[in-house]
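For reference, the structure is listed below as structure tokens.
The values are calculated or read from the model by the stated rules, or taken from the named source; none is laboratory data. Keep in mind the model is a prediction, meaning the values are calculated, not measured. Cβ placement follows ideal geometry from the backbone for every residue including glycine, while neighbour counts extend to all protein chains displayed. The area values use the complete protein model at the heavy-atom level, side chains included, leaving out ligands, DNA and RNA. Shrake-Rupley method; radii C 1.70, N 1.55, O 1.52, S 1.80 Å.
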Amino acid sequence: MMSTVRTMAFGLGMFFVLPPAVTPLTAQATGTVRGTVIRAGDHAPAAGASVTIEALARSAVTDVHGRYALEGVRAGHYALLIRMVGFAPRDIPITVVADSTLTVDVALTAQPVELSQVVVTAASRAPERIVDAPAAVSVVPTDVARAVAITGQAPRALASLTGVDVVQAGMFDFDVNTRGFNSGLNRRMLLLQDGRDQSLSFIGIPEWIALNTDLDGRIEVVRGPGSALYGANAYLGVIDYTTPTVSDALGTKLTLSGGGMQTMRADVSTDAMSRSGSWGYRVTGGVYRSDGWARARTSLDGQDLRREYRGTPTADSVPLMTEAVPLAGQTVDPLTGAAVGEPSPILLAHGSARVDFYRGSGSVITAEAGSEYTDNAVFTGPTGRFQVHGAIRPWARLMWSADRFNLSAWWAGEFYAHPVTTLSTGGSTENASQMVHTEAQYHTPFMGGRGRLVLGGSVRQYFINTNGTILGANDHRTDRVYSGYGQTDFYLTRQIRLVAAARYDKGDIFSAQLSPKAGIVFAPNLQHAVRFTVNRAFLTPDYTSLFLDLAAAPPVDLTALEQGLRSSPLGPSLSGVPDGTLFTNSSAVPVLAEGNPNLRVEHVTAYELGYKGQFGDHLYLTLDGYYNRMTDFVTDLLPGVNPSYQRWTAPTQVNSIIGAILAQTIHDQLVAAGQPLVANALTRLPDGSTAIVLSYGNAGRVNAYGVELGTGLVLGDGLRFDANWSLFMFQVDSATLVPGDALKPNTPKNKVNVSASYDGANGLDFRVSARLVQGYDWADGVYVGPVPASQTVDVSAGYQLSHGVRVQAIATNLFDERHYEMFGGSIIGRRILAGATATF
């Protein structure tokens, strides 16, 4: 813990040493520009509009009241540019006078969306037009984020984006991925909130349940490898969520919502500025209560999962599975094993406090801290399902953001107030792990603006402690990762932009990695661009894939198999083996999940060809094709992939020739009995005892390739249609360690999203979206089976009752199609919620 304090103190110390360096800027003659932006049609506030003084690289975003403020603007003559997607931009000349406030109120007129007006930052870690971005990047529409916010399920805001796979296994159990090879507890996508990694320290997966906020900020999704700028977990993409500064969200907002699944939620946030305008604060808090989709699976007949999936096309193929304990709040009938009573509801709570210091010329220093609390949520992973009881996730962040540089330091921890229950075995796990991260970034134009340079470096320290419940003898670790990165882009001509980037990462648990990227963007005009990129990324083994040591399921009884063999022609060969010991303890063969400390770093080399374009004022189109070459591919938790656990061999008392026949017979009989996982996972531990082991391995080479097509049609009066289609294909190299059909991409070959939305000047908005997913196979740990095709429809609507009151409703899976999206996950049904937001 002292090491944690020292590391954090170093990061925090940067901010107490550096701020005086900007003092001379505050001495310049400055003034303030503020005002309100409204929609001309209905005079409603234009929340989320961008207000920019481009000559000074100063910008603000309007709050829920349409208000904005630019503090510390140098005296002089400028152009004030106001932009908002779906409205015509305004360019207003202004004159800023020292020590005075200039009020500029603006009314925006609706017009079809112009792709060239959308600005993103995640693709290059610096602002650029989305057309010019050297990557496949999407922005979550404001109306989508606003509608999804009352569900508390942030991944739903991503589900309709081109090329994004969102798999739901429970109420708050999501796995988000792009371009194949999804899994339970997927970690191939990096999730950032204001630059803070939202992953869990010891396993590296994004903590989606922690993003239970109002989603007032901006969400950008970069598809494809991003290690050149972001490092390991940006293996197949980056999700970047940026919250507004205090000055961009002034006022108090109270939201109350509820509905289906006994859902009740309350959120409040207050943003205020000091009288001098030099600093402001934000305080947020919220509570949430809901039933879950999870159902107990403890019946002794092993039919619970099959009964849960009844009515789906693949219900008859579900194998027998029994969990050891029910959900919290339930008991077990001693005769049948069936769960009795209602599960305890899921409880969530969050709170945070933030202070922004405005030091002139766009320089902002932010200090904030908060925590999330989770109780009774159920998650599905490769070793089975587990239920969280009282997980606390505190965090703190400091950031200094200026015109040319950013300095940041953050800390995040996860602490289990009560041990997490492993439902499959009845065991429990603990966690008290932490991360500390410091980072500096500098960006500057050169050659008169024809080029741009971005440089950065970071140090991260992990403190891993699961009290021996997950990582065994490799617990209580402290490891560091050192990183440096850079990107430069240069306009060779006005139409041709060259991009080059690279990142160097060195960690205590993985070897040094170099992640380069090169690309060319050809933009003949503001509305069209074609790009080609070559990108290399890496994915390091996490602590669980290296050191996992856990019971994955209840012991398996192979007594009947042994007795059948003893009565077969092979019986005489077992005369020297004591009855009941063919499998060491045949009545209780342990099922284990074990790490592989010999795993190599996984790499992907990606080739992408993409196009973004807008035709006239009404139609836009994106088309991306990719080819990913993955080497040393790290499998999910599977049987037979770790060379340390070879196929089971007969006891030494059996003749070697007969022993080989016996082993093959056992394998064939288990497969014939519908237990291929047990057949492939049956092995001997280093001490010679029999066990069923699932582990990780490097699967050789895997090729993935596909096409992503997105289009939008914008009509007049706020009406818009969108559609996208994704095609995914893959090929596993024949030299892989994985048995023939064990490795699955856990990804549909085809998926389609279509939506229609209306955002009118009368204060009404409406959206209906349909998602069509082709059926596919799933293989991840103990869960191996088909996922049927699904067709779901979501509908949302909102209405601005008055200047400060808005009502919102959403129905997910409107037609209540019973379906599951991950084999082993819960059935997802219909959910209808409604809420009201008051701002003042």
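Tabulated results
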| item | result |
| --- | --- |
| Unique residue being open to solvent by less than 20 Å² (accessible area, probe 1.4 Å) and either under 28 Å from residue 471 (Cα atoms) or part of a helix (DSSP H, G or I) (or both) when the list is 562, 608 | 562 |
| Some residue of segment 377-384 being assigned to a strand (DSSP E or B), surrounded by fewer than 20 Cβ atoms within 10 Å (Cβ to Cβ) and either touching a strand residue (DSSP E or B) at 6+ places or on another chain (Cβ under 8 Å) or of a type in the set (A, V, I, L, M, F, W, C) (or both) | no |
| Condition check for residue 282: touching a helix residue (DSSP H, G or I) at 6+ places or on another chain (Cβ under 8 Å), surrounded by fewer than 20 Cβ atoms within 10 Å (Cβ to Cβ) and in contact (Cβ under 8 Å) with a residue 40 or more places away in the chain | no |
| Elements of type strands (runs of 3 or more DSSP E) in segment 207-291, at least 3 residues being under 30 Å from residue 99 (Cα atoms) and of a type outside the set (A, V, I, L, M, F, W, C) | 279-290 |
| Of the criteria (1) open to solvent by less than 20 Å² (accessible area, probe 1.4 Å); (2) at pLDDT 90 or above; (3) closer than 26 Å to residue 747 by Cα; (4) in contact with a strand residue (DSSP E or B) (Cβ under 6 Å, 6 or more places away or on another chain), which one residue 160 fails | (1) |
| Test result for residue 300, at negative phi and crowded, with 18+ Cβ neighbours inside 10 Å | no |
| Residue in segment 637-647 that is of a type in the set (S, T, N, Q) and either surrounded by fewer than 16 Cβ atoms within 10 Å (Cβ to Cβ) or in contact with a helix residue (DSSP H, G or I) (Cβ under 8 Å, 6 or more places away or on another chain) (or both) present | yes |
| Residue tally, condition surrounded by fewer than 22 Cβ atoms within 10 Å (Cβ to Cβ), assigned to a strand (DSSP E or B) and not acidic (Asp, Glu), over segment 774-797 | 10 |
| Every residue from segment 524-553 that is more than 31 Å from the chain's Cα centre (by Cα) and assigned to a strand (DSSP E or B) | 524, 525 |
| Subset of segment 661-690 (residues that are without any contact (Cβ under 8 Å) to a residue 60 or more places away in the chain, β-branched (Val, Ile, Thr) and crowded, with 19+ Cβ neighbours inside 10 Å) | 683 |
| The lone exception for residue 245 - which of (1) surrounded by fewer than 24 Cβ atoms within 10 Å (Cβ to Cβ); (2) at pLDDT 95 or above; (3) closer than 20 Å to residue 142 by Cβ it fails | (2) |
| Given (1) basic (Lys, Arg); (2) farther than 30 Å from residue 434 by Cα; (3) open to solvent by 50 Å² or more (accessible area, probe 1.4 Å), number of the condition residue 517 does not satisfy | (3) |
| Flag if residue 83 is more than 18 Å from the chain's Cα centre (by Cα) and on the phi < 0 side of the Ramachandran plot | yes |
| Failed item, numbered, when residue 50 is tested on (1) surrounded by fewer than 18 Cβ atoms within 10 Å (Cβ to Cβ); (2) of a type in the set (Gly, Ala, Ser); (3) within 19 Å of residue 36 (Cβ to Cβ); (4) touching a residue at least 60 places away in the same chain (Cβ under 8 Å) | (1) |
| Single residue of 433, 424, 458 found to be surrounded by 14 or more Cβ atoms within 10 Å (Cβ to Cβ) and outside any strand (DSSP E or B) | 424 |
| Scan of segment 574-598 for residues that are crowded, with 22+ Cβ neighbours inside 10 Å, out of contact with any Phe, Trp or Tyr (no Cβ under 9 Å at 6 or more places or on another chain) and among the small types (Gly, Ala, Ser), ordered by number | 593 |
| Any hit, segment 764-777, residues being touching a helix residue (DSSP H, G or I) at 6+ places or on another chain (Cβ under 8 Å), modelled with pLDDT of 90 or more and over 25 Å from residue 262 (Cα atoms) | no |
| Residues (open to solvent by less than 50 Å² (accessible area, probe 1.4 Å) and not hydroxyl-bearing (Ser, Thr, Tyr)) located in segment 520-533 | 521, 523, 528, 529, 531 |
| Residue count, segment 292-326 (criterion: within 13 Å of residue 826 (Cα to Cα), modelled with pLDDT of 90 or more, assigned to a loop (DSSP other than H, G, I, E, B) and out of contact with any helix residue (DSSP H, G or I) (no Cβ under 6 Å at 6 or more places or on another chain)) | 5 |
| Any strands (runs of 3 or more DSSP E) falling wholly within segment 650-743 and containing at least 2 residues that are of a type in the set (Val, Ile, Thr) and within 25 Å of residue 581 (Cβ to Cβ) | 690-694 |
| Residues that are of a type in the set (A, V, I, L, M, F, W, C) and either without any contact (Cβ under 8 Å) to a residue 24 or more places away in the chain or touching a His at 6+ places or on another chain (Cβ under 7 Å) (or both), drawn from segment 336-378 | 340 |
| Filtered residues of segment 715-743 (kept if at pLDDT below 85, of a type in the set (A, V, I, L, M) and either open to solvent by less than 60 Å² (accessible area, probe 1.4 Å) or within 23 Å of residue 695 (Cα to Cα) (or both)) | 732, 735, 737, 738, 742, 743 |
| Any pair with Cβ under 6 angstrom, 6 or more apart, that starts in segment 66-77 at a residue that is part of a strand (DSSP E or B) and ends at one that is small (Gly, Ala, Ser) | 68/60; 69/247; 70/60; 71/277; 72/360; 73/31 |
| Segment 751-773, subset touching a residue at least 60 places away in the same chain (Cβ under 8 Å) and hydroxyl-bearing (Ser, Thr, Tyr), residue surrounded by the most Cβ atoms within 10 Å (Cβ to Cβ) | 769 |
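Residues are listed down the side, and each one gets a yes or a no for (1) without any contact (Cβ under 8 Å) to a residue 24 or more places away in the chain; (2) surrounded by 15 or more Cβ atoms within 10 Å (Cβ to Cβ):
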| position | (1), (2) |
| --- | --- |
| 446 | yes, no |
| 486 | no, yes |
| 491 | no, yes |
| 496 | no, no |
| 505 | no, yes |
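Every residue, every condition in (1) open to solvent by 40 Å² or more (accessible area, probe 1.4 Å); (2) within 30 Å of residue 270 (Cβ to Cβ), yes or no:
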{"residue": "317", "(1), (2)": "yes, no"}
{"residue": "341", "(1), (2)": "yes, no"}
{"residue": "366", "(1), (2)": "no, yes"}
{"residue": "373", "(1), (2)": "yes, yes"}
